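The values are calculated or read from the model by the stated rules, or taken from the named source; none is laboratory data. This structure is a prediction, so every number in the text was calculated from the model and none was measured. Note: ideal-geometry Cβ built from the backbone for every residue, glycine included; neighbour counts use all protein chains shown.
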Ligand SMILES: Nc1ncnc2c1ncn2[C@@H]1O[C@H](COP(=O)(O)OP(=O)(O)OP(=O)(O)O)[C@@H](O)[C@H]1O
Ligand SMILES: [Mg+2]
């Protein structure tokens, strides 16, 4: 579904992603882990069209999508739940969800609001409230629910557990699992490597802008290097 | 005649025109963080285009309402084209430049439009041919004309329509989302360049309506008229809280009333030294007071952008 080749992304002169390759197959759950500043967010920003790669190629469903802007990529089925949630603070929850459905003109949208509210009853209670007044966990729920409103085929998640209490992290991961069970393909960036590797079937490990390890999630969980660097053992 | 009531009525009419112009400043500021100094001059172009259309059609025997509608349509069209072109050519390339660059550019565009207008229409005052005979209406000690009523009602309708549009339409929602976070709006599928261009379309069209109102109200137009009108409308936008659409409306009405009341009483207050031709100083006193005492304006952002 997604094939990335020799991707390079930079900020001005600084190269943050230095020629990485990765693939995500249809229906797969893949994680990208790595330390702070490794280039994970930069990678997802490039894949979702927020940043233009300076070199390399991105193919999505056998189409070259390198350098396409975000508003076109979302139409082809790629959605990003950005780092730090990025909810529209001065829009209501309902309006945030409506923004998620911005590209859609089909009559099923109404049903999808209900699906979002069933998935996150907490959002349903607060639908007329400004998103800026939500707690961090609720904002994360909203960010995920909003991304789903576009009916993505490939969902990119950037550290959905960041800054959340353990119980909330668990809840978010259960939701992600439920979303994946519906057939949405996932590329998950996480600091919480253990949770991510347990959820996903394959993983990539990123260090200073390069991919240093790629393997099945189980093997990575058993890999002494990974255990030492990312699982705190 | 009751001066107080009279000046309130005059102030509301004038203020509704300020409010329409202020909307153009505030919408562009909201979405780009840019003070579009050329906006007042776009309003000037609307006034001069309207004058030309009325001149061409006067004596054609068409009813005044049709002439005014034609003038308004032509003015809106020309202003939309200018507004969108200015955004595309002058502001978009500077989107990521330091703030000073687009600001200086805006001043340059303002001067460019003024002198282009001077080339087309000349530097003399242009007056409105005989078109309307406003009938006057007496109300509780104040006198006003049916023209004033029409101006105020049209302005109110435009403002109500705009508020509804921004609050309830799909594009209005996308405008608010783009204003809050253009990158995230892009992730939702919003082509933010188009939304920004559309903001200029709206601001220019509404400014054009205001420009035509000025011509009908004062019966005069001039290539430099956009300067003072623009500064006052900008003051109104700051008074209401720049970036806030409802604030611009409130600020415009308030500024119109303040200015009219001050003009009505300035002779008495200064013992006859200053006449009502000094009225323009009040707008700038208001601007200075707001900037010093409450820079965020009456309805400035209360909820932070951070989420
Ligand atoms: N806007 C920016 N301008 C300049 N450099 C940046 C910018 N954003 C990120 N960087 C740099 O790019 C590198 C990769 O950053 P990135 O945000 O992709 O890391 P990350 O893996 O997501 O880290 P984290 O786990 O902390 O979120 C870092 O060295 C960072 O300092
Ligand atoms: Mg990151």
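Test of understanding: among A:34, A:12, which residue is modelled with pLDDT under 95 and out of contact with any strand residue (DSSP E or B) (no Cβ under 9 Å at 6 or more places or on another chain)?
Values: A:34 fails: out of contact with any strand residue (DSSP E or B) (no Cβ under 9 Å at 6 or more places or on another chain).
Matching residue, one of A:34, A:12: A:12.
Of the conditions (1) assigned to a helix (DSSP H, G or I); (2) within 16 Å of ligand 1 (Cβ to nearest atom); (3) more than 16 Å from the chain's Cα centre (by Cα), residue A:132 clears all except one; give me its number.
(2)
Could you say whether any residue in segment A:57-70 is free of Cβ contacts under 8 Å to residues at least 24 places away in the same chain and crowded, with 23+ Cβ neighbours inside 10 Å?
So the first thing to find is which residues in segment A:57-70 are free of Cβ contacts under 8 Å to residues at least 24 places away in the same chain, and the list is A:62-70.
Next, only the ones that are crowded, with 23+ Cβ neighbours inside 10 Å stay: A:70.
Within segment A:57-70, one or more residues are free of Cβ contacts under 8 Å to residues at least 24 places away in the same chain and crowded, with 23+ Cβ neighbours inside 10 Å.
Inside segment B:116-155, can you point out the residues that are within 25 Å of residue B:2 (Cα to Cα), out of contact with any helix residue (DSSP H, G or I) (no Cβ under 6 Å at 6 or more places or on another chain) and either free of Cβ contacts under 8 Å to residues at least 40 places away in the same chain or in a helix (DSSP H, G or I) (or both)?
Within segment B:116-155, B:133, B:136, B:137, B:138, B:145, B:146, B:147, B:149, B:150, B:153 qualify.
Considering only segment A:161-191, state which residues are modelled with pLDDT of 95 or more and either within 16 Å of ligand 2 (Cβ to nearest atom) or under 24 Å from residue A:89 (Cβ atoms) (or both).
Result: A:187, A:188, A:189.
Any idea how many residues of segment B:95-107 are out of contact with any helix residue (DSSP H, G or I) (no Cβ under 8 Å at 6 or more places or on another chain) and in contact (Cβ under 8 Å) with a residue 12 or more places away in the chain? Steps first, answer last, please.
Within segment B:95-107, the subset out of contact with any helix residue (DSSP H, G or I) (no Cβ under 8 Å at 6 or more places or on another chain) is B:96-100, B:103-104, B:107.
Now drop any that are not in contact (Cβ under 8 Å) with a residue 12 or more places away in the chain, which leaves B:99, B:103, B:107.
Qualifying residue count for the region: 3.
Going by the conditions given, is residue B:179 within 14 Å of another protein chain (Cβ to nearest Cβ) and buried (at least 20 other Cβ atoms within 10 Å of the Cβ)?
In short, yes.
For a quick check of your reading of the model, give me the residue pairs whose first member lies in segment A:106-130 and is over 18 Å from residue A:147 (Cβ atoms), whose second is loosely packed, with under 14 Cβ neighbours inside 10 Å, with beta-carbon atoms closer than 9 Å and at least 6 apart or on different chains.
A:130/B:303
Only one of these is within 14 Å of chain B (Cβ to nearest Cβ) and either under 24 Å from residue A:102 (Cβ atoms) or within 16 Å of ligand 1 (Cβ to nearest atom) (or both): A:196, A:143, A:229. Name it.
On the way: A:196 fails: within 14 Å of chain B (Cβ to nearest Cβ); A:229 fails: within 14 Å of chain B (Cβ to nearest Cβ).
Exactly one of A:196, A:143, A:229 is within 14 Å of chain B (Cβ to nearest Cβ) and either under 24 Å from residue A:102 (Cβ atoms) or within 16 Å of ligand 1 (Cβ to nearest atom) (or both), namely A:143.
Quick test of your reading of the structure: residue A:45 fulfils all but one of (1) closer than 17 Å to residue A:152 by Cβ; (2) away from ligand 1 (no atom under 13 Å from the Cβ); (3) free of Cβ contacts under 8 Å to residues at least 60 places away in the same chain. Name the failing condition by number.
(2)
So that you can scan it fast, the table gives a plain yes or no per residue for (1) crowded, with 24+ Cβ neighbours inside 10 Å; (2) away from chain A (no Cβ under 14 Å); (3) touching a helix residue (DSSP H, G or I) at 6+ places or on another chain (Cβ under 6 Å); (4) touching a residue at least 60 places away in the same chain (Cβ under 8 Å):
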| site | (1), (2), (3), (4) |
| --- | --- |
| B:187 | yes, no, yes, no |
| B:191 | no, no, yes, no |
| B:203 | yes, yes, yes, yes |
| B:206 | yes, yes, yes, yes |
| B:212 | yes, yes, yes, yes |
| B:226 | yes, yes, yes, yes |
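Taking helices (runs of 4 or more DSSP H) that fall entirely within segment A:1-107, which contain at least 1 residues that are within 16 Å of ligand 2 (Cβ to nearest atom) and within 14 Å of chain B (Cβ to nearest Cβ)? Before the answer, list the steps.
Numbers: elements: A:40-48, A:70-73, A:93-100.
Passing ranges, in order: A:40-48.
So for segment B:130-141 (the condition being more than 14 Å from chain A (Cβ to nearest Cβ) and modelled with pLDDT of 95 or more), does at least one residue qualify?
Here is the first cut: in segment B:130-141, the residues more than 14 Å from chain A (Cβ to nearest Cβ) are B:130-141.
The next check asks that each one be modelled with pLDDT of 95 or more; those that pass are none.
No, that holds for no residue.
Of the conditions (1) surrounded by 20 or more Cβ atoms within 10 Å (Cβ to Cβ); (2) under 22 Å from residue B:180 (Cβ atoms); (3) within 14 Å of another protein chain (Cβ to nearest Cβ), residue A:154 fails just one. Which one is it?
(2)
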